[in-house]
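Chemist: One structure is given below, represented as structure tokens, and several questions about it will come after.
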Amino acid sequence: MNNNSIEKGIKEAIEKIDSIDIKEPDLNWFADLVSDEQLKIAKKQNKQLSIFCALAAVVITFLFSLYNFLFSAFVIMQAISLIVPIIVFIVTKIVSKEARIL
């Protein structure tokens, strides 16, 4: 093959690519897609927030009832709620260090 035939083939390929009619969606389609996705995200966040509020109400009610009826159990629960996160933090740090070493 000579250079002229290669150049001719490249030009023909470029012309074919330029002549292809590409249909692109209009801007309204993208706007609708974004608004639908935002609505899905908002619904999911509202569901998570309502579950969180319900669980928070249950926990607070439980803690207040412990405080009123079994003060010693309330103090033990408070101590556990302070100690457990510290232990979890230390364990996760140790595990992540071991994972980096491997």
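Throughout, read-outs are computed from the coordinates displayed, never taken from laboratory work. What you see is a predicted model; the values in this text were computed from it and never measured. Glycine also receives a Cβ, built like all others from the backbone with ideal geometry; neighbour counts cover every protein chain displayed.
Chemist: Tell me the label only: which of (i) 1.04; (ii) 2.48; (iii) 1.31 is Cα Rg over 2.2 N^0.38 Å as calculated from this structure?
Modeler: (ii)
Chemist: To the nearest 500 deg cm²/dmol, what mean residue ellipticity at 222 nm is calculated for the chain from DSSP H runs of n ≥ 4 alone, each contributing -39,500 (n - 2.57), summed and divided by the residues?
Modeler: After summing the helix terms and dividing by residue count, I get -32500 deg cm²/dmol.
Chemist: OK, next. Sort the following peptides by mean Cβ neighbour count (other Cβ atoms within 10 Å, averaged over residues), highest first: 78-91, 14-27.
Modeler: 78-91, 14-27
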